[in-house]
Structure formats: C-alpha cells, structure tokens
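The values are calculated or read from the model by the stated rules, or taken from the named source; none is laboratory data. What you see is a predicted model; the values in this text were computed from it and never measured. When we count neighbours, we look across all protein chains shown, and the Cβ atoms used for this are built from the backbone with ideal geometry, even at glycine.
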C-alpha cells in the first residue's frame, strides 16, 4: 500500500521519499487509481495520496512560505481532486492535473490576499527568511543544516513569482517543461526561460553541489 | 557559456543537480492534515454510495412503473365513465321537482305538464320582484292583473306564451311586452326566443 496506514487514529505515512521518486511512478497507474477512486475505491485514493502528498505539500510550502497557508491550500487542492473525481478523464497525467489545481489554488490565494485590505503580502513572508537564524546551543552540523535551509528559502524568496513557480514545479512535481508550461498557462519557451533565470539566480545564492562534494 | 547550457540541459533532463537541497526543507504535511484529507475522501464516496443505494433500489423501478400505470388507468376509466353517464343539468325545474317530491304536495295542484312548476311554486322560488318603475300603462295593467286574481292563461306557460303571441298579433305590443316581462320574471329557466 505504498507506505500508507489507514488507521483512523494514527494516519502516518512512511518516511519521506524524495520528489524524484514521483516520476518513477507510472502515470498510467496514477490515472487508473484516480478513475478507480471515481468509481468509489477508497484504497485507490489512499495510494494516490501517499504518492503525491509530500511533493504537493513542498510545492505549496515553498510557494506560500507559511505552513498554515500551505496546510489550507493543501487541503483545498485535495478537496478539488475529491470533488472532481467523477469528472476526471485520463487524458492528461494525474500529476499535471494535481499541480494545475495547486497552481490555481495558489493564484486564487494570492488574489484573495491582495484584495484584502491590510492583508499581508506574500512577499512579506520573505523577511523572516532573510533574518539570521537563532543559533543557540545546538550542534554545529544542525546549525549548518539550518543555515543551508534558511539560505535556500531566502534564495527562493528573492525569485519573482513566475520564476519560483516554474522552478518549484520542476523540482517538486517532476513534470516536463511542456507540462509545466501547460500548468502555468504559458508557452514552453517562456517556461524554459523562466526556469533558466531561476536556476541562474539560485546558483549564485546557493552552494553548488560540486563545491560541497 | 556552452558549459552553462549543458549544465542547464542536464538539469532540465534531470540528469544532474545544480545545487543540493537542504534535507531539513524536505517537509511533509502534518498527520492531522493527512487525516482530514483522507476522511474527506472517504466521506465523499460513502455519501455517494448511500445516494446510489437509494436511487438504485431493486423495487424502485417496478414500483414507479406500477404507480404510473395505476394513475393512467384511473384517468382513462374516469374519462370513459363520464362519457357514458352525462351529468344531468341542474335547473330550477329539477330542483323544484325534487323539492316537490320531498314536500309531497297534492298531486292535483301540481301542474300536469312534466318539467313545469305550478304558479305557487314558481312564486315561492322566484326572487323578490324589483321595485316597480314609475310605470308604463301596460306594466300597470299587468301589475293590476297580478294584484287581483291571476288570469287563467297564466297558469299554464304554454297558454301564457300563446296569449302573448295573440296580443302581439293583435297589435297590442305594449301589453304583449308587459306579459312577456312578467312571464320571464316567473319562469327564469325558460328560454324564450327573442321574437316573442
């Protein structure tokens, strides 16, 4: 059951698998699972959920930069999956379908925040990422990991919204460039250009892999 | 520059990582959120199954068909019955006849012509006469005639109508009109042709 425990009292999932594992899962199988859930098979949904929950959550956390907002958006995305279960057609990959919903939910959220008088801007969340981490009496390795994490989040926060969106979709959803373009509603060349800019900026802000190894 | 291009192409093709993601950032949704989503998914299909059970009951379709047939049969039967037995028209005469039957007056006093009522009965059921207008001579004559003893020809409608025709033929139009008006007042249920 792919690391999923269905107990009502303690619904826990197996230790995190890297986002790359998502791509290894057969897209056809995902589509079949979604269709099975549409026919009323709960276990199909549980499998589907266990496969995509982590990647989707990371995408939303990185986009919203607030776990509370990410939690709400995460539930909203899955709610839409559930509501649309009987209308789902296996014409596109399930991941494309899922991340399109996530992208749209996040855009809706941004519009709500902007239209709210005195509402906190998404960009306001960046300030916390840019502050120095409070390193008290923790071990050096842990402090270093926190420092790397903080730098990564801060670097992501400096990206323009469109570039961050394309980069996170590439990182977390494992979608192809064409699929990312479809999710974000732009052409493939535009998506590629945004991704190139995003990677260039992150490279400057973060330590490249070769320097770490 | 081509090195950067190759690096980016490798990154796009997921053959290579440009930078290492901090492990601490590999976050997961909280268990509570997992529970909420799974519960929502389960409730959605359970409610749908309940709907299906209600809609798809095995006796539902036959019951609906039987009910439809019953209603259709009842309508057809009702229409057929109403065609065969026309409802008799309710007229003053029929009501009077029924009343006569219940009151059981002496048979001799009731007019012998079927469907007609006696003068007394007609007077009993007739609405009160409107106040007399200031008076044409003919009307006055009719009223006087009525006030005294009613003429013999008034007892029988047919005779009365014949008398009206006779007056009109004799050129006594005013009297004929007055008699006709009185006749109409007493015999409202009778259709009198306008030429009388």
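Of the candidates B:37, B:33, the single residue that is under 60 Å from the mean Cα position of the chain (by Cα), at the interface with another protein chain (Cβ under 7 Å from one of its Cβ atoms), modelled with pLDDT of 80 or more and part of a helix (DSSP H, G or I) is B:37. Note on region A:135-160: residues that are under 18 Å from residue A:67 (Cα atoms) and more than 13 Å from chain B (Cβ to nearest Cβ) total 0. Over 21 Å from residue A:186 (Cβ atoms), at pLDDT below 95, in contact with a strand residue (DSSP E or B) (Cβ under 8 Å, 6 or more places away or on another chain) and not in a loop (DSSP other than H, G, I, E, B), is that true of residue A:53? Spelling it out, residue A:53 is indeed over 21 Å from residue A:186 (Cβ atoms), at pLDDT below 95, in contact with a strand residue (DSSP E or B) (Cβ under 8 Å, 6 or more places away or on another chain) and not in a loop (DSSP other than H, G, I, E, B). In summary, helices (runs of 4 or more DSSP H) completely within region A:70-182 and bearing 2 or more residues that are at pLDDT 85 or above occur at A:94-115, A:140-158, A:161-168. Within region A:29-65, the set of residues being away from chain B (no Cβ under 12 Å) and without any contact (Cβ under 8 Å) to a residue 60 or more places away in the chain comprises A:29, A:32, A:35, A:51.
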